[in-house]
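The structure appears below as structure tokens.
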Amino acid sequence: MDKSDNIVILDSLVADVRAIIEEGRRQAFAVAGKVVIMTYWHVGRRIVEEEQRGKARADYGKKIIPALADKLTVEYGSGYSRRNLAYFRKFYLLFTDLGILHTRVQNLNWSHIRRILSVSNPEAREWYLKMAAEDMWSVKTLDRNIATQYYERRLANQLENIADQTLKRESDPMEYIKNPMVAEFMGFRRDDNYSESQLEQALVNNLEKFILELGRGFAFVERQQHIVTDTADFYIDLVFYNFKMKRFVIFELKTHKLTHQDIGQLDMYVRMYDDLVKGADDAPTIGVLLCTDTDNTIARYSVLHDSDQLYATKYMTYMPTEEELRNEIEQQKRFFLEQHGNEDII
């Protein structure tokens, strides 16, 4: 065996050992993060227990956290300051079920929990906790999803009175499609003029961010996919496959408000895709029309009405204010109900 062979063997060994070390580090970080989170939960529980025990003394509860922080920071540092102890207390009060919590904190650290504590809706808090853990969201991704009201924008959540079922709808398209869609990452300003090809290029240029905005399980398939029939050629703007729903999702991009013609074109593309491309094991294709605004009349009287395969979503090329986004969500709820009829929410 010559020297070059030894070098190749050594390089292979180094690569293998590096992989082992990195995996060990990843597991250690994950375990350590979970241990830290559960430690803080137990500290919060103990503080609450002590507060409840001292109800007979009016000002006793107010003094517990400052007194405890003064002692703990001397021994354990600023991680146990008054502010942090107050967070631990809130953490326990918002997530009192230790059994559920144990199943939700893998892949998370305390920064994830801190951000989730700011969510006021209890169902949304549990959903963000579950999804951040399962999909391994970074803190930055979690922060954006909360800031853009990801939970509230999912169409599944717009079906009132079924909030308790939203964690069980893995194959439901409404669990994945958000309306409105916030696409500030494309770089357009609020009043910019742009063509459909420029819109498409901006989405492709920011494909990773676009997929994160779309939701879970999306993989990019093709841009301007060419479909040939006996009489004509067609080009579909963007095609994705969602491996959780096990179906193709095609997107048509428009730089104007929703029209009947747009819906008719999308309906044709979905039928064509089901006939010519979809495999026997795939669920029916979904078509999503991205437009600058939706229309309740079209939702009620076009083929969009009561369709399980066609969706229209408004996109926003800028980051809206919280109030603007809240108003848009309410408007899109009304659009959704026109599309699917009031019987869907009874």
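The values are calculated or read from the model by the stated rules, or taken from the named source; none is laboratory data. Bear in mind the structure is a predicted one, so any value in this text is a computation, not a measurement. Glycine gets a Cβ as well: all are built from the backbone with ideal geometry, and neighbour counts include every protein chain shown. Calculation scope for accessible area: heavy atoms of the full protein, side chains included, ligands and nucleic acids excluded. Shrake-Rupley method; radii C 1.70, N 1.55, O 1.52, S 1.80 Å.
Which members of region 118-134 meet the condition of being among the charged types (D, E, K, R) and open to solvent by 50 Å² or more (accessible area, probe 1.4 Å)? Result: Glu123, Glu126, Glu134. Within region 284-303, the residues that satisfy the criterion of being aliphatic (A, V, I, L, M) and either under 24 Å from the mean Cα position of the chain (by Cα) or not in a loop (DSSP other than H, G, I, E, B) (or both) are Ile286, Val288, Leu289, Leu290, Ile298, Ala299.
Conditions (1) at pLDDT 90 or above; (2) open to solvent by 20 Å² or more (accessible area, probe 1.4 Å); (3) assigned to a helix (DSSP H, G or I), marked per residue:
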{"residue": "Tyr241", "(1), (2), (3)": "yes, yes, no"}
{"residue": "Glu252", "(1), (2), (3)": "yes, no, no"}
{"residue": "Ile263", "(1), (2), (3)": "yes, no, yes"}
{"residue": "Arg271", "(1), (2), (3)": "yes, yes, yes"}
{"residue": "Asp282", "(1), (2), (3)": "yes, yes, no"}
{"residue": "His305", "(1), (2), (3)": "no, yes, no"}
{"residue": "Asp308", "(1), (2), (3)": "no, yes, no"}
{"residue": "Ala312", "(1), (2), (3)": "yes, no, no"}
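Every condition in (1) part of a helix (DSSP H, G or I); (2) surrounded by 15 or more Cβ atoms within 10 Å (Cβ to Cβ) holds for Ile100 except the one numbered (2).
Conditions tested, residue by residue: (1) in contact with a helix residue (DSSP H, G or I) (Cβ under 7 Å, 6 or more places away or on another chain); (2) more than 23 Å from Glu175 (Cβ to Cβ); (3) crowded, with 17+ Cβ neighbours inside 10 Å.
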position: Thr285; (1), (2), (3): yes, no, yes
position: Thr321; (1), (2), (3): no, yes, no
position: Phe336; (1), (2), (3): yes, no, yes
position: His340; (1), (2), (3): no, no, yes
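Table: residues versus (1) open to solvent by 80 Å² or more (accessible area, probe 1.4 Å); (2) at pLDDT 90 or above; (3) of a type in the set (A, V, I, L, M, F, W, C); (4) over 35 Å from the mean Cα position of the chain (by Cα).
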| site | (1), (2), (3), (4) |
| --- | --- |
| Arg18 | yes, no, no, no |
| Ala28 | no, no, yes, no |
| Arg57 | yes, no, no, yes |
| Phe91 | no, yes, yes, no |
